[in-house]
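In what follows, a structure is listed as structure tokens, so that the remarks can point back to it.
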Amino acid sequence: MTTNRVVSFNYKARYACLGTLSPQTKNIVFALHGYGQLAPYFLKKFQPVCNDHTYLVAPEGLSHFYLEDVTSRSQTGNTKVGASWMTRENRLMDIENYLSYLHTVYHTEVPTGYNGKVTLLGFSQGAATASRWVCAGAHAHQLILWAGVFPPDLNLQDASTTLARTEVKFVYGTKDPFVTEARLHEVEHLFAKLNLSPDRITFEGGHELHTGTLTQLLAV
């Protein structure tokens, strides 16, 4: 008979930074990428908002994979790799692992005594990750859910209490194929359960980071 067992061990994981953390920093932004993306490339989208007052940190999903399968790669030569925060396989352990990783990144990058602003921005799959992170204790002044929402398995009572102390914004493109009317209805229903009335910000575009909107949201 096959049995599953669990082992704990030390694990190294990378993340990317943009800008310089200094006494002039007023906003530390943690940017969590979507499915199939990598932190260094995702962070390039934030170059227009990087300045003396804004420091950006992009953690990376711990699960990596080739974006094309073996057959396709042999034909196209495409060896691009992406990352994921979790899948349905062993999902609870994946969540536990990435929360531990994210907490470590947070405490590594946010200096003791820092009195500026902390923003968590989650794009697509990263929005659910950012939501879990806040509800697991990450102190953030602002939570931006971009083209993604809270995961349905959040403890609504605990999440409502935690999120009451956080400014929440919901951002999406008007032509985003993943943000349908049915999806928006589900989102509004979940917001109501959480007793939240987040700012809803839209832009003309699809499933993407929009530079003008990003600049507006992260201005200090």
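What does the charge count near ASP176 come to, summing +1 for each Lys or Arg and -1 for each Asp or Glu among other residues with Cβ under 15 Å from its Cβ? Overall, the nearby charge balance is -1.
Rounded if a/c is under 1.5, else prolate if a/b is larger than b/c, else oblate: which is segment 35-78, with a ≥ b ≥ c the root eigenvalues of its Cα gyration tensor? Prolate shape, in that a/c is at least 1.5 and a/b is the bigger ratio. Backbone amide hydrogens, once placed in the peptide plane, bring CYS17 within less than 5 Å of ALA58, excluding anything fewer than 5 places away on its chain. If the chain linking ALA219 and LYS193 were pulled fully straight, counting 0.36 nm for each residue of separation and taking away their Cα-Cα distance, it would gain 6.3 nm. Charging the Cβ of each Asp and Glu at -1 and of each Lys and Arg at +1, and nothing else, the dipole of segment 62-130 about its Cα centre rounds to 140 debye. This structure gives percent of Cα pairs over 28 Å apart, computed directly, and of [x] 24; [y] 31; [z] 20 that value is listed as [y]. Length gained on full extension, TYR35 to THR20: 2.7 nm, using 0.36 nm per residue less the C-alpha separation.
Our note on the geometry: Cα centres of segment 129-147 and segment 22-42, 13 Å apart. Under the criterion of Cα pairs below 8 Å and six or more residues apart, the relative contact order for the chain equals 18 percent. Once both labels are positioned 7 Å from their Cα atoms along Cα-to-Cβ, the gap between THR2 and GLU204 label points is 5.4 nm. Remark: the ASN155-HIS139 segment gains 4.0 nm on full extension, using 0.36 nm per residue and subtracting the alpha carbon distance.
Label reach from GLU96 (point 7 Å along Cα→C-beta): in segment 1-41, amide nitrogens under 16 Å belong to 4-11. To the nearest 0.05, how large is the calculated FRET efficiency for CYS50 and THR104 if R₀ is 22 Å and r is the Cβ-Cβ distance? Computed FRET efficiency for CYS50 and THR104: 0.40. Helical content of the chain, expressed as a calculated mean residue ellipticity at 222 nm, amounts to -9500 deg cm²/dmol (DSSP H runs of 4 or more residues, -39,500 (n - 2.57) each, divided by residue number, nearest 500). Positive contributions from Lys and Arg (+1) and negative ones from Asp and Glu (-1), summed over other residues with Cβ under 15 Å from the Cβ of ASN27, come out at 0.
Simple rule: put +1 on each Lys or Arg Cβ and -1 on each Asp or Glu Cβ in the chain, find the dipole, and look at PHE65, THR174, GLY34; the Cα lying farthest toward the positive end is PHE65.
Among the lysines of segment 15-218, pairs at least eight places apart or on separate chains and with Cα atoms under 27 Å apart come to 16. Rounded to 0.05, the FRET efficiency of the PHE9 and LEU184 pair, given R0 = 35 Å and the Cβ-Cβ distance, is 0.25.
Residues MET93, MET86, MET1, arranged from fewest to most other Cβ atoms within 10 angstrom of their Cβ, appear as MET1, MET93, MET86.
Each value in this text was obtained by applying a stated rule to the coordinates, not by laboratory testing. Because the structure is a prediction, the values reported are computed rather than measured. Don't worry about glycine lacking a Cβ; one is built from the backbone with ideal geometry, like all the others, and counts go over all protein chains shown.
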